[in-house]
Amino acid sequence: MMERGFGRVMNIASDSAVVMPIERVHYGMTKTALLAVTRGHAKVAAGTGVTVNSVMAGPTHTPGVEEFVGELVGDDLPWDEAQSQFMKEHRPYSLIQRLIEPAEIGNMVVYLSSTQASATTGGAIRADGGYIDSILP
């Protein structure tokens, strides 16, 4: 990519890199490390036309997260209620107060992969549903 003068490297990180979840410290630590790797690779590619970014995804609606939500709030609630309770109790800092759909993360990746994002590199770009600053740890 550097020899061609164009390329996009995209890492999928997590908001857990900066808002460490107490129930998944090991996961948050790996995502924090990924931000450092992203920044380092962006420095290696400096001036070459290659951009390197991480997308910091917030709590995303996947089958694994549905299972995780069930473990935390119980499996007896209908999904909409379980999701709402999970967000209020375990992710109260979210401004959108719902899980993010995978396509919403994909939209950010599409943009960062485009020529329109040529000035964005070395970044930890948020697709996390926003944060209520006063609630952050």
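The values are calculated or read from the model by the stated rules, or taken from the named source; none is laboratory data. Not measured: the values here are computed from a predicted model. Quick reminder, even Gly has a Cβ in these numbers, built from the backbone with ideal geometry, and neighbours come from all protein chains shown. These area figures cover heavy atoms from the full protein model, side chains too; ligands, DNA and RNA do not enter into them. Shrake-Rupley method; radii C 1.70, N 1.55, O 1.52, S 1.80 Å.
Could you please find all residues in the range 68-106 being in a helix (DSSP H, G or I), free of Cβ contacts under 8 Å to residues at least 12 places away in the same chain and over 16 Å from Ile132 (Cα atoms)? Step through it out loud before you land on a result.
First pass over the range 68-106, keeping only residues in a helix (DSSP H, G or I): 68-73, 79-90, 102-106.
From what's left, free of Cβ contacts under 8 Å to residues at least 12 places away in the same chain: 68, 71, 80-81, 88, 103, 106.
Residues satisfying the conditions are Phe68, Glu71, Asp80, Glu81, Ala103, Gly106.
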Within the range 45-75, residues more than 22 Å from Asn11 (Cβ to Cβ), of a type in the set (Val, Ile, Thr) and over 18 Å from the mean Cα position of the chain (by Cα) come out as Val73
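Please state which one of Val52, Val19, Val65 is open to solvent by less than 50 Å² (accessible area, probe 1.4 Å), of a type in the set (A, V, I, L, M) and out of contact with any Lys or Arg (no Cβ under 9 Å at 6 or more places or on another chain). First the steps, then the outcome.
Details: Val52 fails: out of contact with any Lys or Arg (no Cβ under 9 Å at 6 or more places or on another chain); Val19 fails: out of contact with any Lys or Arg (no Cβ under 9 Å at 6 or more places or on another chain).
Result: Val65 is the single residue among Val52, Val19, Val65 that is open to solvent by less than 50 Å² (accessible area, probe 1.4 Å), of a type in the set (A, V, I, L, M) and out of contact with any Lys or Arg (no Cβ under 9 Å at 6 or more places or on another chain).
So, in the range 107-126, exactly how many residues are open to solvent by 20 Å² or more (accessible area, probe 1.4 Å) and not in a loop (DSSP other than H, G, I, E, B)? Reasoning before the result, please.
As a first pass, look at the range 107-126 and keep what is open to solvent by 20 Å² or more (accessible area, probe 1.4 Å): 107-111, 113-116, 118-121, 124-126.
With the extra rule that they be not in a loop (DSSP other than H, G, I, E, B), the set shrinks to 107-111, 113, 115-116, 124-126.
Adding up the residues that qualify gives 11.
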Tell me which residues, restricted to the range 7-55, are assigned to a helix (DSSP H, G or I) and more than 24 Å from His90 (Cα to Cα).
Ala36, Val37, Thr38, Arg39, Gly40, His41, Ala42, Lys43, Val44
Condition check for Thr32: touching a helix residue (DSSP H, G or I) at 6+ places or on another chain (Cβ under 7 Å) and in contact (Cβ under 8 Å) with a residue 24 or more places away in the chain
no
Which one of these does Trp79 not meet: (1) open to solvent by less than 40 Å² (accessible area, probe 1.4 Å); (2) over 12 Å from Gly58 (Cα atoms); (3) at pLDDT below 95; (4) of a type outside the set (A, V, I, L, M)?
(1)
Of a type outside the set (Val, Ile, Thr) and either touching a Pro at 6+ places or on another chain (Cβ under 8 Å) or at pLDDT 95 or above (or both): is that true of Tyr111 in this structure?
yes
